Every structure is written in structure tokens, then in C-alpha cells.
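The structure appears below as C-alpha cells.
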Amino acid sequence: MPSSHSDLKDTYYDTLDPREYIIIKRARVNNLKNLSVAIPRNKFVVITGLSGSGKSSLAFDTLFAEGQRMYVESLSSYARQFLGRMEKPEVDYIRGVSPAIAIEQKVNTRNPRSTVGTSTELYDYLKLLFARIGKTRSPVSGKEVKRDTVTDVVEWINQLPVDSKIIIACPLTIPTGRKLKGELELLLSKGYTRVLVKGEPQLIEELAGTKKKIPKNTEIEILIDRIVTNPTDEDLNYRLADSVQTAFFEGHGDCFVYSDKKKTPFSDRFELDGMRFTEPSVNFFSFNNPYGACRTCEGFGKVLGIDTDLVIPDKTLSLYEGAVAPWRSEVMGKWAQPWLKHGAKYDFPIHRPIADLNHKELELLWNGNKDLDGIHDFFKYVESKSHKIQYRVLLSRYRGRTTCPDCRAPAFVKTRDM
Ligand SMILES: [Zn+2]
């Protein structure tokens, strides 16, 4: 226990900062005898002691009881009437407690493979927590992937200076096999009157009737609405929201806002850097749900591939001594030749045992470079010839369960309990 009343003055606890400590002063629950403690926050704290010394009285009946009581107090009076009054634990005071979760000890003999997380049900909370607070980042730019909502766009528009003239638009996509003229007529029948051609408003009727040929890749957008901003006008805000919603719909997820000729794009698709992402859900964080597992190996951590230990069975040999097993034959020996000739040019030590090669050298041996074909190139070649029986036989000799190249996860037992 971090500190107890016996060695410190009672007033000491009054001076502590509840942002740093959970402070319990003079707890008298059950057999506790005016126990005062200061528990550091954001730390993993263990309470130990003899059986009957009051560990549970302190942890559950005092600390957790107070956390729970404060949580209930924070609810509306309507919600509280269903929960009943919770008594304040017998203490002078408790400070710095946050809403709490308690997990009681229980012996689970039913499934020996359960984890702490699963048998305490804490895992369910964690999955939910991660799904809710999880942020998706694009592996390309590292930026956060966000979906723009109608509210986001309306708020963005409303932060513009009052009386700004804005245009809400969306791209006009012409499905393959359909003509622009037909699409324009469709827009007219839907009640739209204008489009933007390269950002300039134009009447749809005029554009549809023009004799001029419109180049194929001309940027045409549907003008959804024109508005003069005024954030305090409630009716206008409704109209804005409506127009933005329409733009997202007609634009298949894209909405553009023009202000001062400047075009700001919004998207309600969960996309970034040209990639579409899946929004985090509880299933993502479940280790035996296909959603949460690696797509390539389905969470097994192993795939059927080239087994490196079969390719280089004896790592005390050097490349020169024939370390690469498939290159030992007379025919395939020609793959080793360029290495023996030009290896030195790329600082590749052909006489050094494979076990003593550094990461860079191994990488070179497997992946090669512009002049040297690596072991992977060799197997790609063999695979391309696998219509021939001798190549298929060769390939089968080196195939095995190998670490999944996509997640590089160590294989784990799939039979674990939820
Ligand atoms: Zn994988």
C-alpha cells in the first residue's frame, strides 16, 4: 500500500492533489479502522495482505462503491429512480475517483484457454472502447481518415464570414454508355436548372441545346444550391443541410462548396489517399473474428509459401559452398553464377557462412537487385514454369508453412475462447 495512516499525520491527505492521487481518508467500512490511503493515479496498483485484513473492504466496498455511487449520481434523476439510492461508504472523504469498473475474482475451470480478458468480460469493454475511440490512419500519408458529415459541412460553411456567397455543387458522373445530353435532360426533369462548367455556372437548357461539341473530359458539376451565408438564420441552416445532403447523394459521396471561387471538397465516404477504409467496429478487435484477422493468413500467422529453412538447410555454408539448396544442381547452378562473379561489386560476401550475413546482405540474397536475381526471383521463375512437371516437383520440395508476409504475426492458437 502506498501509504497508510499509521506513519503519516491525518492532515497530510488534505494537502494531496486529487488529480495525482485517489485519496481515501479514514475508511471505516467493515473491519477497516480509520484507514487512510493515497493511491497514485494512472498506475497499476496491487493491494495485498493477509486473508481478512480488509483488502476487499477497501477495494470493493469502499473505493469501487464510491466510484459506482458517483457514476449513478451523475445520471439524470429519471435514470436514478430505477437504480435505487446508493449509500456513501463510511469514510471521511474519497477524492479523485473516476467512474469505475470492478471485476471480481472467480475461478473458471470450464475452459483452460480463457484469457484474463475473456473470463473477466473486460475484453468486451476493451473491444467496445477501441471501436469507439479508434482513429483510422491512412498508411500512405499517415493522416486520419474521416468521413465528412452533413453537419461538418454546414458548420464549415457557417464559419465563413456572414453574407458570403457560396455555391453547393457535386460532380456529374456520366455512367458508361450514356450520353451527356441525356444526363442533362435527366437533371432538368429532376428540377435542376444549372450546372458548373469548369467552375462557371451555366443554364442546363443552354448547354443541352448548344451546337458546340463539349470535349469529353470537361469538368461538369451539378449546381445544387446558391446561398448567402447567415449562421443565425435557422431556416437557412435547414436549407443548407438539405442541399448538402442532396449533393452527397447526387455526387455519390462528393460535395463541393465554392466560396470566392475557391472550391473546397467534402466526402462522406470513409476514404483517403485513394483508398477505401472500413470504419472500426467491435469485430476489428476480436482475435477470432475474420474482420479482425489478417486477410492473407486469416489470423493463422502462417501461409503456404517458400520455406526458407528448406531453401537454406545448412546455414554454416556460404553461397560459394552451395548454401542455396535449389541452386546446387547443374542446371539451376547458373542462378548462382552471377553472384559468384559480381557479388563483390555489391559487397556481397560469397565465402561467408549464411548464418554470419547481416540483414542487408540477406535481403540482397533473397530479393536481388537490378543485376542479380535473388532467391525470390528464382522461385518466381520456377512458378512461371510450373506447367512443366520437373518445375512443379522442384517447387513442392521447398514449399512449407511460413510466416505470413503481410502481418508477420507469430502463429497463434485459433481455438482460444471468446
Ligand atoms: Zn497474416
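The values are calculated or read from the model by the stated rules, or taken from the named source; none is laboratory data. Remember, predicted model here, so these are calculated numbers, not experimental data. A quick note on method: Cβ atoms are made from the backbone with ideal geometry, for glycine too, and the neighbour counts reach across all protein chains shown. All accessible areas refer to the heavy atoms of the entire protein, side chains included, with ligands and DNA or RNA removed. Shrake-Rupley method; radii C 1.70, N 1.55, O 1.52, S 1.80 Å.
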- Item | Those residues of region 18-29 which are under 24 Å from residue 86 (Cα atoms), part of a loop (DSSP other than H, G, I, E, B) and open to solvent by 40 Å² or more (accessible area, probe 1.4 Å), in sequence order | 18, 28
- Filtering region 1-20 down to residues that are hydrophobic (A, V, I, L, M, F, W, C) and at pLDDT 70 or above yields 16
- Pick from region 315-331 the residues that are in contact (Cβ under 8 Å) with a residue 12 or more places away in the chain and under 19 Å from residue 399 (Cα atoms): which of them is most open to solvent (accessible area, probe 1.4 Å)? 315
- Message: Return the residues of region 198-221 that are closer than 24 Å to residue 177 by Cβ and of a type in the set (A, V, I, L, M, F, W, C); say none if nothing qualifies.
- Response: 204, 207, 208, 214, 220
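Residues checked against (1) away from the ligand (no atom under 16 Å from the Cβ); (2) at pLDDT 90 or above; (3) under 30 Å from residue 290 (Cβ atoms); (4) of a type outside the set (Phe, Trp, Tyr):
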{"site": "324", "(1), (2), (3), (4)": "yes, yes, no, yes"}
{"site": "336", "(1), (2), (3), (4)": "yes, yes, no, yes"}
{"site": "350", "(1), (2), (3), (4)": "yes, yes, no, yes"}
{"site": "354", "(1), (2), (3), (4)": "yes, yes, no, yes"}
{"site": "360", "(1), (2), (3), (4)": "yes, yes, no, yes"}
{"site": "378", "(1), (2), (3), (4)": "yes, yes, no, no"}
{"site": "391", "(1), (2), (3), (4)": "yes, yes, no, no"}
{"site": "401", "(1), (2), (3), (4)": "no, no, yes, yes"}
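Look at residue 32 and say whether it is surrounded by 12 or more Cβ atoms within 10 Å (Cβ to Cβ), part of a helix (DSSP H, G or I) and either outside the structural domain of residue 87 (by TED's automatic domain parsing) or of a type in the set (A, V, I, L, M, F, W, C) (or both).
No: the conditions fail for residue 32.
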- Item | Total residues in region 272-329, condition among the β-branched types (Val, Ile, Thr) and under 13 Å from the mean Cα position of the chain (by Cα) | 2
- Task: Can you work out which of the residues in region 265-313 that are in a loop (DSSP other than H, G, I, E, B), of a type in the set (D, E, K, R) and open to solvent by 60 Å² or more (accessible area, probe 1.4 Å) is nearest to residue 142 (Cα to Cα)?
- Result: 273
- Of the residues in region 366-406, those that are touching a Gly at 6+ places or on another chain (Cβ under 6 Å) and either of a type in the set (A, V, I, L, M) or surrounded by 14 or more Cβ atoms within 10 Å (Cβ to Cβ) (or both) come to 366, 368, 374, 377, 402, 404
- Task: Filter region 58-89 for residues that are in contact (Cβ under 8 Å) with a residue 40 or more places away in the chain and either exposed (fewer than 14 other Cβ atoms within 10 Å of the Cβ) or in contact with a Ser or Thr (Cβ under 8 Å, 6 or more places away or on another chain) (or both) and give the result.
- Result: 89
- Can you name the condition, by its number, that residue 167 falls short on among (1) β-branched (Val, Ile, Thr); (2) open to solvent by less than 60 Å² (accessible area, probe 1.4 Å); (3) in contact with a strand residue (DSSP E or B) (Cβ under 8 Å, 6 or more places away or on another chain); (4) over 30 Å from residue 211 (Cβ atoms)? (4)
- Query: Of these, 313, 280, 290, which one is modelled with pLDDT under 90 and away from the ligand (no atom under 16 Å from the Cβ)?
  - Reply: 280
- Item | Only one of 46, 107 that is modelled with pLDDT under 90, farther than 29 Å from residue 281 by Cα and loosely packed, with under 10 Cβ neighbours inside 10 Å | 107
- Query: (1) among the basic types (Lys, Arg); (2) more than 16 Å from the ligand (Cβ to nearest atom); (3) touching a residue at least 40 places away in the same chain (Cβ under 8 Å): which one isn't true of residue 295, the others all being true?
  - Reply: (2)
- Task: Would you list the helices (runs of 4 or more DSSP H) that sit entirely within region 331-396 and hold 1 or more residues that are touching a His at 6+ places or on another chain (Cβ under 8 Å)?
- Result: 359-367
- Message: What are the pairs with Cβ atoms under 8 angstrom where one residue, in region 256-284, is under 19 Å from residue 158 (Cβ atoms) and free of Cβ contacts under 8 Å to residues at least 40 places away in the same chain and the other, located anywhere, is among the charged types (D, E, K, R) and not in a loop (DSSP other than H, G, I, E, B)? Sequence gap at least six, or different chains.
- Response: 265/254
- With criteria (1) under 27 Å from residue 162 (Cα atoms); (2) not in a helix (DSSP H, G or I), residue 247 comes up short on (2)
